[in-house]
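Take a look at the structure below.
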Amino acid sequence: MGKKTNNIFLKLFLSALMMLVMSCGGGSGTIEEEKPTEGIPDETPSDGSAPECSNYSELENTQFCTLSIGGLMREFYLHLPENYSDQVPPLPVLISLHGGGDYADANMAYSGFRQLADQNSFVTIYPQGAIYEEKNSTGWNTEFEGVDDITFLESVIDWTIENFNVQPKEFYAAGFSNGAFMAYHMACNLSHKIAAVAPVAGLMGITTYETCNPIHSMSIIHLHGELDNVIYIDGGDEYLPLEDNGTTSGVVTYWKNFNECNVFEEEILQSEENLIGSVGVWKDCRDGMEINYWKLSQVGHEWESKGEGEDVINVPTTIWNFVSQFNIDGPKD
């Protein structure tokens, strides 16, 4: 914890500067108090060293870790489920990526994955995005210049495999907003370590799309509000639409073609009083993979859908129920 304490004043100063979200990313899923962030250049970086971790006092079975890499001191949280031990079968791992201008500990609170992990026996990791001084904001880099988030995330994955009782073929990445862009970027550039991705309220950036090079078929679940006025479901100048919009090919089309999917089904989601949205499903894909994409009618740029009772889509549960069916080779036996 020493490095975190030494940088606390500088981090809090940078937090006060944060006025905007990442240009392709939006903010947190809920309003949270500002927290210290990482991404501060280390005075004596020791790239290649293992993360240093300590118990996170605010939550049981949770560690706060720092890793010096690429000249930056990076941070992440790791939560072990209540029944974790070396005696149980290796556990799956879900990586949860916060939105632009957000913090890993806030994401740990609002995403709902930590509680779900205790109930369903999987490990969760909450990495912290770097500070982008030109934006006065935290976030994820899906370009090939600037902060190398792919190397950071791969290092965290490798360290987790080496030090915990986890299943290497069952790493999943979920992300909100800018974190969703990063989840797609991981699907394209870190597919040898990722079994499935779950982007929420974020799409594929142009750079990610143009350079996408996954090495295996990829199961995907995508959730997006039709009222999202931050990351438009119909696309923008710097990112693809979810579906083909008449002039631009969509994210679903790219992954449907890459996965060689043949059968499409769509279900309209309707409660007694309201139209909730729809779920498009591409199946009969290569290696048994599948694509689910949810278009939520009354939802804007947010993590959890609004409403009461049967109108609510529980995002973390929906994500986990989908991704946990797959490993890196296809459906689990």
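At-a-glance table
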{"read-out": "Under-5 Å amide H pairs with HIS222, H placed in peptide plane, nonlocal only", "value": "ASN292, TYR293, TRP294"}
{"read-out": "Calculated SAXS-style log₁₀ I(q)/I(0) at q = 0.09, 0.23 Å⁻¹ - the range 184-301, Debye, Cα scatterers", "value": "-0.23, -1.41"}
{"read-out": "Neighbour-count ranking [beta-carbon atoms within 10 angstrom, fewest first] of ARG114, ARG74", "value": "ARG114, ARG74"}
{"read-out": "Per-residue HN-Hα couplings for the range 55-62 [Karplus 6.51, -1.76, 1.60; θ = phi - 60°; Hz; x = Gly/Pro]", "value": "5, 8, 5, 7, 9, 5, 6, 10"}
{"read-out": "Ranked packing of 240-253, 95-108, 217-230, most packed first, by mean Cβ within 10 Å", "value": "95-108, 217-230, 240-253"}
{"read-out": "Extension gain, ILE268 back to HIS216 (0.36 nm per residue minus Cα-Cα distance, nm)", "value": "15.7 nm"}
{"read-out": "Check: the range 160-242 dipole with +1 on Lys, Arg Cβ and -1 on Asp, Glu Cβ, in debye", "value": "380"}
{"read-out": "Nonlocal amide H pairs with MET204, under 5 Å, H built at 1.01 Å", "value": "LEU240"}
{"read-out": "Under 5 Å, built H, 5+ apart or other chain: amide partners of ALA130", "value": "GLY139"}
{"read-out": "Two-site label geometry, GLU238 and ARG286: point separation in nm, points 7 Å out along Cα→Cβ", "value": "3.1"}
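Computed from the coordinates by the stated procedures, all read-outs in this text should not be read as laboratory data. Being a predicted model, the structure only gives us computed values, none of them experimental. Don't worry about glycine lacking a Cβ; one is built from the backbone with ideal geometry, like all the others, and counts go over all protein chains shown.
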